[in-house]
Amino acid sequence: MAGTYTVIPQDTFNGLQMDTGVFLKNFDPANPGRPQDTDIVCATTGGINISVTPNYSDFFEDVDNAPNNMKEGVHLDGWDIKVTTTALSTSPEMIKTGFGAADIVDGNKIVPRTKLKDEDFTDRWWVGDKANGGLVAAHFKNLLSTGGFQLQTGKNAKGTIPLEFTAHPDLAHQDEVPVTFYSIDPPAQTPNTGA
């Protein structure tokens, strides 16, 4: 017999996120469906890691007699939002993406730049399945490759490009955190009355 506290919530299965999911250029959470091949950023290996980390400071840290981290003095300075994965594609677009600041010239030549352009920042989606047939999604705004470019090769192995992206706020939306998450259950099934 199980112990009194050896239990899990009855809706655990419905909330499970399954498999790796996919990194997309476009997605509509109001009308989800199978992604178009042209919307998939790349095939990946090793999974996709998403981290949204707050940065706090203590306004009372130099105030005499104030305890450390007193809640009234805690200030949210901002968020570090990162997406990391490893790409299996060496297409010109994928190599350019890894560099962050680069141009594709003559269709197949990737030339890094010394200055950023506005188009180097892109909006992207990660979408994954839920066990109950629904989905979990994250919309990232103004992603920029910030981890540098690496191409890892190996004997009898596939070449891989590790990627690290950082989401950025912008001047027009300074109070907006550049990530939004969705947890969407599948549509309710209409009962079959047999009529």
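The values are calculated or read from the model by the stated rules, or taken from the named source; none is laboratory data. Only a predicted model underlies this, so the values are computations on that prediction, with no experimental measurement involved. Please note: Cβ atoms are built from the backbone with ideal geometry, for glycine as well, and neighbour counts cover all protein chains shown. Protein only, heavy atoms only, side chains kept; ligands, DNA and RNA dropped before computing areas. Shrake-Rupley method; radii C 1.70, N 1.55, O 1.52, S 1.80 Å.
Some notes on this structure:
- Gain upon complete extension [Asp123, Asn108; 0.36 nm per residue less C-alpha separation]: 3.0 nm
- A Förster radius of 25 Å combined with the Cβ-Cβ distance from Asp77 to Leu144 puts the calculated FRET efficiency at roughly 0.80.
- Heavy-atom accessible area for Leu151, with the other protein chains in place and a 1.4 Å probe, reaches approximately 90 Å².
- Rg/Rg_globular for the range 1-108, with Rg_globular taken as 2.2 N^0.38 Å and Rg from C-alpha atoms: 1.72
- Computed from backbone phi with θ = phi - 60° and the Karplus coefficients 6.51, -1.76 and 1.60, the 3J(HN,Hα) list for the range 81-92 is 10, 10, 10, 10, 7, 10, 8, 9, 9, 10, 5, x Hz; x is used for glycine and proline.
- Here the translational diffusion coefficient of the range 102-156 follows from Stokes-Einstein with Rh set to the Kirkwood radius across Cα pairs; for 25 °C and 0.890 mPa s it amounts to 166 µm²/s.
- Residues of the range 77-97 with amide N under 15 Å of the 7 Å Cα→Cβ point at Glu61: 77-78
- Given their separation in residues at 0.36 nm each and the Cα-Cα distance between them, Val7 and Thr153 gain 48.0 nm when the chain is fully extended.
- Calculated over the chain, the projected area of the Cα convex hull averaged across directions stands at 22.3 nm².
- Solvent-accessible surface of the range 1-62, averaged per residue with a 1.4 angstrom probe and all protein chains in place: 78 square angstrom.
- When each of Lys109/Lys130; Lys115/Lys141; Lys25/Lys155; Lys25/Lys109 is checked by Cα-Cα distance, pairs over 29 Å: Lys109/Lys130; Lys25/Lys155
- Solvent-accessible area, 1.4 Å probe, carbon plus sulfur percent, for the chain: 51
- The distance between label points at Lys115 and His168 comes to 1.4 nm (points 7 Å beyond Cα on the Cα→Cβ vector).
- At the residue level, Thr90 shows approximately 80 square angstrom of accessible surface with a 1.4 angstrom probe and all protein chains present.
- FRET efficiency, 1/(1 + (r/R0)^6) with R0 45 Å, evaluated for Asn14 and Phe99 via beta carbons: 0.65
- Proportion of all alpha-carbon pairs of the range 133-176 beyond 11 Å (%): 76
- Rolling a 1.4 Å probe over the protein heavy atoms leaves Phe27 with an accessible area of roughly 40 Å².
- Hydrodynamic radius by Kirkwood, which averages 1/r over all alpha carbon pairs of the range 101-195, in angstrom: 17.3
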